[in-house]
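Here the structure comes first, spelled out in structure tokens, and everything after it is commentary.
The values are calculated or read from the model by the stated rules, or taken from the named source; none is laboratory data. Please read all numbers here as calculations on a predicted model, not as lab measurements. As a convention, Cβ positions derive from the backbone with ideal geometry for all residues, glycine included, and neighbour counts pool all protein chains shown.
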Amino acid sequence: MRETGVVVIGAGQAGLSTGHHLRRYGIDDLVMLDSGDGAGGAWRHRWPSLRLGKVNGIYPLPGFPPVDADADLPASEVVSEYYASYERANGLHVLRPVEVTSVEYGHDDRLLVSAGTDQWTARAVVNATGTWTRPFWPYYPGMASFRGRQLHTADFRDVEEFRGKNVIVVGAGSSATGLLLELSELACVTWITRHEPVFRDEEFTEDVGRAAVAEVDERVRAGLPPLSVVSVTGLWAPPDVRARLESLPWRPIFHEVTPDGVRWRDGSTLDADVILWATGFRAALDHLAPLGLRAPGGGIVMDGTRVAAEPRLHLVGYGPSASTVGANRAGRAAAREIHALLNSSELAAV
């Protein structure tokens, strides 16, 4: 068991931003843990056919120049190296691979972070574990009977695997639309969503983004689980991309999965070789369960990045900060509050 000032769990954009700002506040008694076997966070696991030029945008890490690389290179490789360069430049020594199994109350004014037989006691903990390790699979009757292949976005690797196949893509987020565009070039795709896709006619401006963040922030302050991004912002795409998506076959969500495909309540069916569940992710927070933070609404009551019931714990990349821009801001806000906490008498009252 080792003592430290702050433990940051996760070294994606939110974790690295937090580490950077903690260092700027002079907090060097810092341990950073990451479950990956290399730098890059969730980007490390993106499918190789996702090229840099097809990504919506990669927001630069704080105090670092933006990504500058060939648009035809795999985004996973480019961003992973970008994150690794950031760690080196900022002296952020990330311990990996380290899978945190629990965070619980320790002795005195400390939280106890456990990863197998390794343990750290910290005066503050920042959780930046994101969502990639918690893919969400909805349940529909008959899923186990399907004779084809079912996979989640998190399992997608190579678009060539689906050449010439009948593929159902379920989901309405950016991952779903991006994969639809790639797959439609070599497979027969059908787009299925719970509600008919409605594209925003107005441009996605900063004001629109702020309004979406405010809506998500209101939910997490009330202890409700964060909404999906698309449910708040709606779909937006450049005119040419929108035209391609609107030209694809679309169907509302089915009632059940059959051995050969899917069936709707009216008895109509659609055969498929593959069902791709682009149904999003949930926050990876299971290791925080010993703290008993879940509210009756199913979420964690938040006050900014700080857990309302536990001032020593911050969640970055959660709720309103679950975006590349939001993650940078959340890292700065969490570092500022932790600096104030470590230099105040608040800990004595915990």
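Structural remarks
- So T121, is it part of a strand (DSSP E or B) and surrounded by 15 or more Cβ atoms within 10 Å (Cβ to Cβ): yes
- Residue within region 37-50 that is of a type in the set (A, V, I, L, M, F, W, C), assigned to a helix (DSSP H, G or I) and either surrounded by fewer than 16 Cβ atoms within 10 Å (Cβ to Cβ) or in contact with a helix residue (DSSP H, G or I) (Cβ under 8 Å, 6 or more places away or on another chain) (or both) present: yes
- R46 being closer than 30 Å to E161 by Cα, assigned by TED's automatic domain parsing to the domain that holds V79, free of Cβ contacts under 8 Å to residues at least 40 places away in the same chain and touching an Asp or Glu at 6+ places or on another chain (Cβ under 8 Å): no
- Scanning region 78-94 for residues that are surrounded by 14 or more Cβ atoms within 10 Å (Cβ to Cβ) and either more than 30 Å from D118 (Cβ to Cβ) or among the aliphatic types (A, V, I, L, M) (or both) yields V78, V79, A84, L92, V94.
- Yes/no for P296 being assigned by TED's automatic domain parsing to the domain that holds Y105, in contact (Cβ under 8 Å) with a residue 60 or more places away in the chain and under 20 Å from the mean Cα position of the chain (by Cα): no
- Checking region 134-146 against the condition returns a match, with at least one residue being part of a helix (DSSP H, G or I), of a type in the set (G, A, S) and in contact (Cβ under 8 Å) with a residue 12 or more places away in the chain.
- Wholly within region 238-324, strands (runs of 3 or more DSSP E) carrying at least 1 residues that are surrounded by 15 or more Cβ atoms within 10 Å (Cβ to Cβ) and among the hydroxyl-bearing types (S, T, Y): 256-258
The rows are residues; the columns are (1) closer than 27 Å to R2 by Cα; (2) assigned by TED's automatic domain parsing to the domain that holds C188; (3) among the basic types (K, R).
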position: G106; (1), (2), (3): yes, no, no
position: R110; (1), (2), (3): yes, no, yes
position: V113; (1), (2), (3): yes, no, no
position: V125; (1), (2), (3): yes, no, no
position: A128; (1), (2), (3): yes, no, no
position: G148; (1), (2), (3): no, yes, no
position: F156; (1), (2), (3): no, yes, no
position: E160; (1), (2), (3): no, yes, no
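- Count of region 248-277 residues which are without any contact (Cβ under 8 Å) to a residue 40 or more places away in the chain and hydroxyl-bearing (S, T, Y): 2
- Residue within region 66-87 that is in a helix (DSSP H, G or I), in the same structural domain as V325 (by TED's automatic domain parsing), touching a residue at least 24 places away in the same chain (Cβ under 8 Å) and more than 24 Å from T133 (Cα to Cα) present: no
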